[in-house]
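**Q** Following this message is one structure expressed as structure tokens.
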Amino acid sequence: MAQRIKQANPYAQILSLDTDIRFVGRIKDRKLITFVRKANASPLLDEELSNMVHYQASVKASWDEMFNEKLGRTNWMITSKEKIKLITLFLNDGLLILSTAPDSNHDEIITKIKNLNSPL
């Protein structure tokens, strides 16, 4: 009898890639559809502002699409703030968003995510 292998949650897997990652979320159709947060990381924004920052990431991404024909598809964007760094990765059907410590090595984190063999 074949055993079923339980597939790991890819977002929890991403969260565990680097100690500087605080939050990992998936945006589809401008809405946050799933997320994981580091256990000891309290939210920096209330629910309303969190929704707005997720929507803002979607709007920035859609603005960027107008340049795709001339410049190529956007792979990722970084927003660096005093207290946090926001990483947005462009997927075929939405966005992967992360918040990290402001001094995190975003290139290293993005490379680790790209090397995962999990569908997002």
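The values are calculated or read from the model by the stated rules, or taken from the named source; none is laboratory data. These numbers were taken from a predicted model, which means no experiment stands behind them. So basically every Cβ, Gly included, is an ideal-geometry build from the backbone, and we count neighbours across all protein chains shown.
**Q** Can you find a residue that is in contact (Cβ under 8 Å) with a residue 60 or more places away in the chain, of a type outside the set (Asp, Glu) and out of contact with any helix residue (DSSP H, G or I) (no Cβ under 6 Å at 6 or more places or on another chain) anywhere in segment 48-56?
**A** For segment 48-56, residues in contact (Cβ under 8 Å) with a residue 60 or more places away in the chain, of a type outside the set (Asp, Glu) and out of contact with any helix residue (DSSP H, G or I) (no Cβ under 6 Å at 6 or more places or on another chain): absent.
**Q** Something else now. If Asp93 passes every condition in (1) touching a strand residue (DSSP E or B) at 6+ places or on another chain (Cβ under 9 Å); (2) within 21 Å of His106 (Cβ to Cβ); (3) not β-branched (Val, Ile, Thr) but one, which one does it miss?
**A** Against the list (1) touching a strand residue (DSSP E or B) at 6+ places or on another chain (Cβ under 9 Å); (2) within 21 Å of His106 (Cβ to Cβ); (3) not β-branched (Val, Ile, Thr), Asp93 comes up short only on (2).
**Q** List the pairs whose first member sits in segment 78-97 and is at negative phi, whose second member is polar (S, T, N, Q) and assigned to a strand (DSSP E or B), and whose Cβ atoms are under 6 Å apart, counting only residues at least 6 apart or on separate chains?
**A** Close Cβ pairs satisfying both conditions: Ile84/Ser99; Lys85/Thr100; Leu86/Thr79; Leu86/Ser99; Leu95/Thr88; Ile97/Thr88.
**Q** Which residues, taken from segment 35-57, are in contact with a strand residue (DSSP E or B) (Cβ under 6 Å, 6 or more places away or on another chain) and under 12 Å from Leu98 (Cα atoms)?
**A** Of everything in segment 35-57, those that are in contact with a strand residue (DSSP E or B) (Cβ under 6 Å, 6 or more places away or on another chain) and under 12 Å from Leu98 (Cα atoms) turn out to be Phe35, Val36, Arg37, Lys38, His54, Ala57.
**Q** Considering every residue within segment 25-37, establish whether at least one is assigned to a loop (DSSP other than H, G, I, E, B) and either of a type in the set (Gly, Ala, Ser) or within 21 Å of Leu120 (Cβ to Cβ) (or both).
**A** yes
**Q** Then there is this: Identify all residues within segment 34-43 that are modelled with pLDDT of 90 or more and either surrounded by 11 or more Cβ atoms within 10 Å (Cβ to Cβ) or over 18 Å from Ile14 (Cβ atoms) (or both); write none if there are none.
**A** Thr34, Phe35, Val36, Arg37, Lys38, listed by residue number.
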